[in-house]
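Taking it in order: structure first as structure tokens, then the write-up.
The values are calculated or read from the model by the stated rules, or taken from the named source; none is laboratory data. This is a predicted model, so every value here is computed, not measured. Cβ placement follows ideal geometry from the backbone for every residue including glycine, while neighbour counts extend to all protein chains displayed.
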């Protein structure tokens, strides 16, 4: 009997080929894959999961992307506007007009360069929201080579307006420069080549240009004040000087 039992045991099929007791049918637990998975599926990575979710919700992902781009654009715009606004000439609210230099070497024309400087002080003082240093303070620097930053600190202003006047017969060459004293950068500069009889018109143009560079909104009364000097008779103006 022992010999027979040993032979039967050796002739039995391997474990993997044995027929289950249920007659060859697998139970539901054995035949169905794990819940939420597939047979022989490898683990899903984070990137694959995100991609699959985007594919499943294409419309929502597109709307989210558009919203993100819009928000980013708004943030960048306001950040740039704030930076540009803080560093531009629009923050300048105080100016000193230094005596214009008479570069022609003719002492008889000295009155002209001084007169232009004084007229600009009077015109700019009419602009709203701008502090203009009086002639008695700014004319202390007449005929001196000065550093704009040092003068600005001494007078308590943010910008310095300087100029040169060259008279040759009936012609005038007027050079003007507006300097931001905080960083010594040029805010604006211009040259005017006109007849001596157009000196009042040039002064009005300079005042308007400065107002524009400072981004000032001129009121009707301020515009009238600037226009008054232009309407003055040039010959009477020259006699007054």
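How many residues, within segment 187-197, are crowded, with 17+ Cβ neighbours inside 10 Å and over 21 Å from residue 94 (Cβ atoms)?
Going through segment 187-197 one residue at a time, the tally reaches 1.
Identify, by number, the condition in (1) farther than 30 Å from residue 167 by Cα; (2) modelled with pLDDT of 90 or more that residue 132 doesn't meet.
Exception for residue 132: condition (1).
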